[in-house]
1. Just one of (1) in contact with a Gly (Cβ under 7 Å, 6 or more places away or on another chain); (2) of a type in the set (A, V, I, L, M, F, W, C); (3) in the same structural domain as G116 (by TED's automatic domain parsing) trips up L165, so point out which.
2. Scanning region 69-125 for residues that are outside any helix (DSSP H, G or I) and among the small types (G, A, S), which turns out modelled with the lowest pLDDT?
3. In this structure, is A191 over 28 Å from D37 (Cα atoms) and assigned by TED's automatic domain parsing to the domain that holds W209?
4. Taking region 119-161, which residues are under 11 Å from the mean Cα position of the chain (by Cα) and of a type in the set (V, I, T)?
5. If I filter region 106-123 down to residues being in contact with a helix residue (DSSP H, G or I) (Cβ under 6 Å, 6 or more places away or on another chain) and over 22 Å from V170 (Cβ atoms), which single residue comes out as surrounded by the most Cβ atoms within 10 Å (Cβ to Cβ)?
6. Please verify whether region 137-153 includes one or more residues that are charged (D, E, K, R) and surrounded by fewer than 20 Cβ atoms within 10 Å (Cβ to Cβ).
7. Is it the case that some residue within region 189-202 is closer than 25 Å to R123 by Cα, within 23 Å of the chain's Cα centre (by Cα) and buried (at least 17 other Cβ atoms within 10 Å of the Cβ)?
8. What about L247, is it farther than 24 Å from Q159 by Cβ and either part of a helix (DSSP H, G or I) or hydrophobic (A, V, I, L, M, F, W, C) (or both)?
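The values are calculated or read from the model by the stated rules, or taken from the named source; none is laboratory data. This is a predicted model, so every value here is computed, not measured. Note that each Cβ is placed from the backbone with ideal geometry, even for glycine, and that neighbours are counted across all protein chains shown.
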Amino acid sequence: MPARNPRVNVVLEKPIYDIVGRIAREEGTSLSTVVRDLVKEAVDRERTLPRRTIMYAGYLGLIVLIAFLAMDIRRTGDWKDNASFFSSLVRNNEPYDPVIEVHMAKEELASGNADGAVRRLERTVKTMSAFTLKERAPAHYWYGRALLGAGRPRDAYEQFKTVALLEGSVTLELLPFIVEAAALSGDIAAARSLLEKSLRSTPGNDTLWNSLGNVLLMSGDRKGARAAYGKALEINPTNREAAQNLLNAVNP
């Protein structure tokens with residue numbers, strides 16, 4: 001039957017096809033509808049090109065300002081006033097720039113202010129719909145890290161799953177955090193599955209074996225946990241965390 005609207009046949013690489021499939025399952029819709037919506041988003045991003053150009057021009061201006069501040073610090077040796085000025089300039093960042101907000105949130109998280117980072121990133125992830133998938137992933141990653149630090153593992157787990165969806169896989173950088181969030185959320189099976197899948201491709205990673213031991217211990221499998229800690233120490237005898245975990249598992 002002839003279609004009312006023009007059709008386009010597209011061949012997708014498997015990682016992209018998998019992402020489209022996950023989105024379709026989560027939203028309960030068809031693959032073609034997801035692809036159509038993604039194309040619409042791409043078209044909308046093209047229409048926002050002038051705004052993005054202005055934003056990047058702002059970055060250039062910021063770089064020039066940093067260069068002048070560095071020259072002044074070198075000339076006068078007075079780095080404190082310059083640093084204070086630059087910090088206030090960035091923190092009062094107008095117009096709102098999500099990329100800089102992510103960096104500010106990372107600073108807050110590093111200083112122990114997880115709740116502040118959560119508030120900052122909660123707004124940030126909502127303003128990045130015009131950005132590419134690759135550009136959006138770091139915001140969701142750090143939002144998850146902040147939520148985990150703020151004692152909200154279930155919310156963190158959702159953000160980490162979004163990162164995996166945006167990037168097409170669970171990277172080694174993401175793995176320990178998504179596993180921790182899954183386990184603390186009560187999804188022990190998912191945490192164990194993620195680790196075992198990664199260990200099949202990287203069986204010599206002692207950190208992953210130690211993490212698997214932690215997850216098995218949380219599930220009540222003390223014997224399996226001891227075996228995982230032992231494997232971690234077999235690979236890396238200097239892994240102090242695995243050694244202490246094995247000691248605790250043997251003598252609870």
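1. Condition not satisfied by L165: (1).
2. G77
3. yes
4. Passing the criteria: none in range.
5. Of everything passing the filter in region 106-123, A117 is surrounded by the most Cβ atoms within 10 Å (Cβ to Cβ).
6. no
7. no
8. The answer is yes for L247.
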